[in-house]
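**Q** This is the structure I have questions about; it appears just below.
The values are calculated or read from the model by the stated rules, or taken from the named source; none is laboratory data. As the structure is a prediction and not an experimental result, all values here were calculated from the model. Counting neighbours? That spans all protein chains shown, and the Cβs are built from the backbone with ideal geometry, glycine included. Quick note on the areas: whole protein, heavy atoms, side chains included, nothing else; ligands and nucleic acids left out. Shrake-Rupley method; radii C 1.70, N 1.55, O 1.52, S 1.80 Å.
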Amino acid sequence: MIDRIAQALAKLFDRHRIVFWYDAKQELSDNFEVLSLPGVEKLEITNNEYGIKYKLLREQPEQKFLLYHEGPQPADLDNWLLDVQLAHGEFRTDQIGIWLSELELGPEFTAVAQEHVEFLNAAKRRSGLKAMLKKDDTAGLIRLKMLAVCVRTEARIDEILEGLLAELAVDQDDKFKLIARCQLDVFLWEQLKRNYGYQSDSPSIPDFAIELFKSCYAMGTDGPVRLSNEAMVFLRRWKDSIRHRDAFEKLSANYADVLNIEKDLETRDYKRLVDLDYYELIDQKILSDLVRVVVGQTISSGECTLFVRQRRQSHWYKDYQHVYEAIDYAAQFLSVLKDANLAMDSVDNGVARYTQSWFRVDQFYRHFMFHARKSGQMTLLGSLLELVENQYTNNFLLKVNNNWQQVVDEQASWGAPKYSLQNQFFRLMVKPFLRKDRKIYVVISDALRFEIGDDLLSLIRQEDRYDAKLEPILSMLPSFTQLGMAALLPNRELSIAEDETGTVLVDGQSSKGTANRTKILQAGLDGGSGLALRAEDLMKMNKGECRALVRDHDVVYVYHNLIDKVGDERDSEERVFEAADETLQDLMKIIKKLTAANASNLLVTADHGFIYQNRPLDESDFSATAAQGAEVFYRDRRFVLGKGLAEQEGLKKFSAEQLHLTGDLEVQIPKSINRLRLKGSGSRFVHGGATLQETVLPVIHINKKRKSDLGAVDVDILPSASKVITAGQLAVTFYQIQASDDKIQPRTLRAGIYTTGGELISDRHELLFDLTSDNPREREVRVRFVLSREADQANNQEVVLRLDEQVTGTSHYKEYKTTKYLMRRSFTSDFEF
């Protein structure tokens, strides 16, 4: 016993020079007598208060004293030492006193301890509380910290509330029951009223949670609001927390049903919901309406893109990203198709117009179909899928290639005078590097049609210090793999074997396989070193092996095959656009691997393109006639090889000479986009014919610079009519100054309103500025900030709207741009009417 008393007193003397000890039960006088504390003088209070006070304050003002009184503390009016006692410490030997001593709390907190005895009964809770306590804590702060111990969070009301909501989400209430047992529930409700405006005759965590979702939704839809703006700030922070994401989503789903949100949303204009994301149903409503207005073409492409960009801030965007992207690309597809004049007067004119604008229709169609498939929401997108498919097939693919077929039919031989033919690739695009003693590396991706090449161009240019340009080249006919691959090699003569294999000979040498292609390369280099290899073999090389490859060869041809491999199989042809996406990723890896090994000059091209229609074909899409002739060596969906082929309507016949081939083989190709019937093969993905999509190919010239050439878009804060904040919310418009492109890249900024001292007094928004529109109005982003309770402390003061940018590779932010406002809120702004 004496040791515990000595230990408790020693802690008190660490904080106080004078300690009072009232032995109310008159049972510890013996302990006082034998007690010895180094540096402490013991005095007993026995009607000698005046003398003691004089000694304490006058004679020995530096000495430590323990003042013992056998009996209870006198009433305040009769206590001549009350002023001294209030200025110093008190040692108590009852349970409350022992706890207070253990917690190093003064007697002024006796009432707090008495009210929450159940809390203090547990040593673990006392230990947790003691670790949080500070010398200047008030009774309210101590209770807040008790709540934090019960919920196992930091001592902040928002953290405590998040912990209780997390428990509610898993249908448990152990933490709240502990709060109630510890008589802390009344204090909790007081805090929720003070911070969030919550009041109820029967308060509970579920009741608060329902009101939280109800009021915050009402704030955005002009409904009745019972909570304060601070509740919206809390809800936004809570829903955006990675740690509490699951709890938010579970409760959101529960209360959407309780509050009948689906029925309410039926009456809402989707445009008015752009800033709301408290329920998943909001995204579903918006997406459903976006499909409707895009199908009805009552929204412009730019408006749709901007709306989708704004929804990126939605909590549920990640779950519906592919749906949003599909809708956005559908709107762009319909826009470019509507503006497209598909007329042409020559092959040159057709190639020029396709490579300058028409290819976007193919590109947006591919992106739309890719994201639609990825979304898994085919029912939701059903009407859009039907519209886009019909428009693509009937108003673009068929129409543009019918027009193209007319100018092709007028040509005496295959080709476009102003554009290189594929068999000239080595002579015109590879040989010039070799003449200058510069090495060149060629990547050939099977079925990389022009519009996919344009996407690759953009990806390359987005990389720092990479520059690239894209030009078209016209494929050989028929546009199939073996001829396209052979034509890209050094050649004087190209011929197709007169058998069922379709093998293409380069100067009499078979071009099938990388070994034969290496021989052909070597033969065309006049003593230089050339090598053909597969992309997968290149990617298996380590750094040293790859450097040796680049060092030891003047020309390297790398063959990549994914699009054609997936598209050519009937069971996988519907995944061809996914294969295109993977191909872009693969090609970037190949390019980076080669440049990392000191390759500085690269070309990327293809052997042929393709046609793809997502919907199964109708009978009208197949040629009504079948190829016939003296000899038919090789049949495909899009061409036939033979001799003495009969002229037939719907089929275009070419001689070998017309196609710049040697020999007397003949080729027949279905006109426009028609297919020939062929058992066992796919019909949606085809190539071999003469359409623009099959024959206009990309050649991408890549080189790596020594200096950085990337920048980011600039963002400004548009001035508002007033620089005074008079309400609990502030709407601000941000303007992205330049359109984002390959070299002027997107910028992500964090926006919030702060005091001049740097304290956040609003909710905070992560904003991605990546708008590509040339229309300045379509590069404006409107954000609504909700002020927190802390904003009241800044009333009649200047506050700062601040944009911050994250320091690359760190968790730190630096100031990007600011503008100042004057906070001038009337007390009436706190009322929601």
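**Q** Counting residues that are of a type outside the set (S, T, N, Q) and more than 48 Å from the chain's Cα centre (by Cα), which strands (runs of 3 or more DSSP E) fully inside region 634-718 reach at least 2?
**A** 640-645, 651-655, 666-670
**Q** OK, next. Which helices (runs of 4 or more DSSP H) sit wholly inside region 225-284 and have at least 3 residues that are touching a residue at least 24 places away in the same chain (Cβ under 8 Å) and open to solvent by 60 Å² or more (accessible area, probe 1.4 Å)?
**A** 245-258
**Q** Restricting to region 566-583, name every residue that is surrounded by 16 or more Cβ atoms within 10 Å (Cβ to Cβ) and either closer than 17 Å to Asp607 by Cβ or in contact with a Gly (Cβ under 7 Å, 6 or more places away or on another chain) (or both).
**A** Val566, Gly567, Asp568, Glu573, Val576, Ala579, Ala580, Thr583
**Q** Within region 250-271, is even one residue among the charged types (D, E, K, R) and either touching a Phe, Trp or Tyr at 6+ places or on another chain (Cβ under 7 Å) or on the phi > 0 side of the Ramachandran plot (or both)?
**A** no
**Q** A further question on this structure: Only one of Thr93, Thr110 is under 22 Å from Arg15 (Cα atoms) and without any contact (Cβ under 8 Å) to a residue 24 or more places away in the chain; which?
**A** Only one candidate passes the filter, namely Thr110.
**Q** Among (1) in contact with a strand residue (DSSP E or B) (Cβ under 7 Å, 6 or more places away or on another chain); (2) surrounded by fewer than 22 Cβ atoms within 10 Å (Cβ to Cβ), which single condition is Gln658 missing?
**A** Every listed condition holds for Gln658 apart from (1).
Rundown of residues vs (1) surrounded by fewer than 24 Cβ atoms within 10 Å (Cβ to Cβ); (2) out of contact with any strand residue (DSSP E or B) (no Cβ under 8 Å at 6 or more places or on another chain); (3) of a type in the set (Val, Ile, Thr), yes/no style:
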site	(1), (2), (3)
Asn394	yes, yes, no
Asn401	no, yes, no
Gln405	yes, no, no
Asp409	yes, no, no
Gly415	yes, no, no
Phe426	yes, yes, no
Ser445	no, no, no
Gln462	yes, no, no
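**Q** Still on this structure: Looking at Val293 and the list (1) under 25 Å from Ala169 (Cα atoms); (2) at pLDDT 95 or above; (3) open to solvent by less than 30 Å² (accessible area, probe 1.4 Å), which single condition is not satisfied?
**A** Here Val293 meets the rest and fails (1).
**Q** Now a separate question. What single numbered condition from (1) open to solvent by less than 10 Å² (accessible area, probe 1.4 Å); (2) under 24 Å from Thr503 (Cβ atoms) fails to hold for Lys652?
**A** Failed condition: (1).
Conditions (1) within 30 Å of Arg764 (Cβ to Cβ); (2) part of a loop (DSSP other than H, G, I, E, B); (3) acidic (Asp, Glu), marked per residue:
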position: Gln321; (1), (2), (3): yes, no, no
position: Ala331; (1), (2), (3): no, no, no
position: Arg353; (1), (2), (3): no, no, no
position: Glu389; (1), (2), (3): no, no, yes
position: Leu398; (1), (2), (3): no, no, no
position: Gln405; (1), (2), (3): no, no, no
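**Q** Can you say whether Leu165 is out of contact with any Pro (no Cβ under 7 Å at 6 or more places or on another chain), part of a helix (DSSP H, G or I) and within 30 Å of Ala122 (Cα to Cα), as far as the supplied structure shows?
**A** So Leu165 passes the test.
**Q** Only residues that are assigned to a loop (DSSP other than H, G, I, E, B), aliphatic (A, V, I, L, M) and exposed (fewer than 14 other Cβ atoms within 10 Å of the Cβ): list them for region 728-781, please.
**A** Across region 728-781, the qualifying residue is only Ile737.
**Q** With respect to Arg784, is the statement that it is out of contact with any Ser or Thr (no Cβ under 6 Å at 6 or more places or on another chain), closer than 14 Å to Leu801 by Cα, modelled with pLDDT of 90 or more and surrounded by fewer than 20 Cβ atoms within 10 Å (Cβ to Cβ) true?
**A** No; evaluated as a whole, the condition is false for this residue.
**Q** Still on this structure, please answer the following. Could you say whether any residue in region 373-381 is within 32 Å of the chain's Cα centre (by Cα), assigned to a helix (DSSP H, G or I) and either crowded, with 21+ Cβ neighbours inside 10 Å or of a type in the set (Gly, Ala, Ser) (or both)?
**A** Yes, the conditions are met somewhere in region 373-381.
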